[in-house]
1. Mean residue ellipticity at 222 nm from the helices of the chain, using -39,500 (n - 2.57) per DSSP H segment of n ≥ 4 over the full residue count, to the nearest 500 deg cm²/dmol?
2. Of the heavy-atom accessible surface of the range 236-334 (probe 1.4 angstrom), what whole percent is carbon and sulfur?
3. Hey, any idea what Rg/Rh is for the range 1-131, computing Rh the Kirkwood way over Cα pairs?
4. Give the distance, in whole Å, between the Cα centre of the range 264-336 and the Cα centre of the range 169-228.
5. Order Glu314, Glu104, Glu280, most accessible first, counting only protein heavy atoms with a 1.4 angstrom probe.
6. How large is log10 of I(q)/I(0) for the chain at q = 0.07, 0.08 Å⁻¹ when the intensity is taken from the Debye formula with one equal scatterer per alpha-carbon?
7. Using a 1.4 angstrom probe, figure out how much accessible area the chain has per residue, in square angstrom, rounded to the nearest whole.
8. Using Cα-only point scatterers and the Debye equation, what is log10 of I(q)/I(0) for the range 173-273 at each q in 0.19 Å⁻¹, rounded to two decimals?
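The values are calculated or read from the model by the stated rules, or taken from the named source; none is laboratory data. Bear in mind the structure is a predicted one, so any value in this text is a computation, not a measurement. Just the protein is used for accessible areas: all its heavy atoms, side chains included, with ligands, DNA and RNA removed. Shrake-Rupley method; radii C 1.70, N 1.55, O 1.52, S 1.80 Å.
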Amino acid sequence: MTTPIPDPTSLFTRLGPLELAHPLINASGTFDLFEASACLPGGDGPSAADLLVAEPPVAAYVPKTVTVEPRRGNEPPRILETAAGMLNSIGLPNMGLDAFIAGELPRLLALPCPVVLNVGGFALEEYVHAAGRLRDALDADATSGTRSRRTWVNGVGLELNVSCPNVHSGCMSIGSDAGETRELLAAVRGVWPGLLVVKLTPNVTDIVPIARAAVEAGADALSLVNTFKGLAVDRVTLRPYLGGVTGGLSGPAIKPLALRFVYEVRAAIDVPLVGMGGVENVQDVIDFLACGASVVAVGAAGFRDPFVPARLAEDLRAALRVRGMSLAELVGIAHR
Ligand code: RRO
């Protein structure tokens, strides 16, 4: 038997049981695949909109955070462009779990790529309830013949958002405390059989004990990081500009800050990392991979152009070819 020679240009990677064609995905809440496709030009023949759903520009799709109850979100204004970044105070508007399971889940399951569902909550019980309901819905879908449990576990993951900066209880505070994070992960692990990711906040003094608690309690991977809490002043009224007063900063301004978190967690803990924060070009992708992320998420840049992750994947393939390096060799190289 001969061992197959690995293809040096392959970008294939794994995130737990999920198989990804390349390491580029979207950050939750920054890109609605179905809304973006509705905004793109149609016409005769396959349109950009059809293409977006038939061939998503991401290796796995992460929808916006859903909560058990529907939410309206924060008062406007909700978004402000800043120097090299963007402040948002969206406040987690969403349709709620019932409507999500009835209306959104079926079309997510029809996508030709893995999906990482994302839930938030105001108490541990809400996360456990949401994870259990989603598992039951996926099991029911499996028994109706579309896919078996083994198959859905290979194609659907769950990310816990414990780090929303714009909701002033629950979501944010759990991820700021190692003990609460440990308890949450242990409880959700008990009900969710598939990939379990937790998205951590950078708004803490030391992220490593929180990351360690999450992994020890059952997280398969960590997303690093959510947005940085900030504030902007209205130049006319001289009062806080955003309706929610504070907001989360994203975009190129935060890239060096986010890289530091990826580097420090990778140095301390052996767990797959999804790195994000200001990714716009292939050098940004390479930087996150070198610091130890094995998957990289595009956030703010996807607002302008939903095809950015697919283009970055091709740019990464070319960059690796030029360096004569495989993806596996690049991941974590800054530590060697
Ligand atoms: O909706 C938001 O305001 C929001 C969320 Br859930 C999040 O996780 N991160 C962010 O910057 N904004």
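1. -10000 deg cm²/dmol
2. Taking all protein chains in place, the range 236-334 shows 57 percent carbon and sulfur surface.
3. Using Cα coordinates only, the ratio equals 1.04.
4. 22 Å
5. Glu314, Glu280, Glu104
6. -0.27, -0.35
7. 44 Å²
8. -0.90
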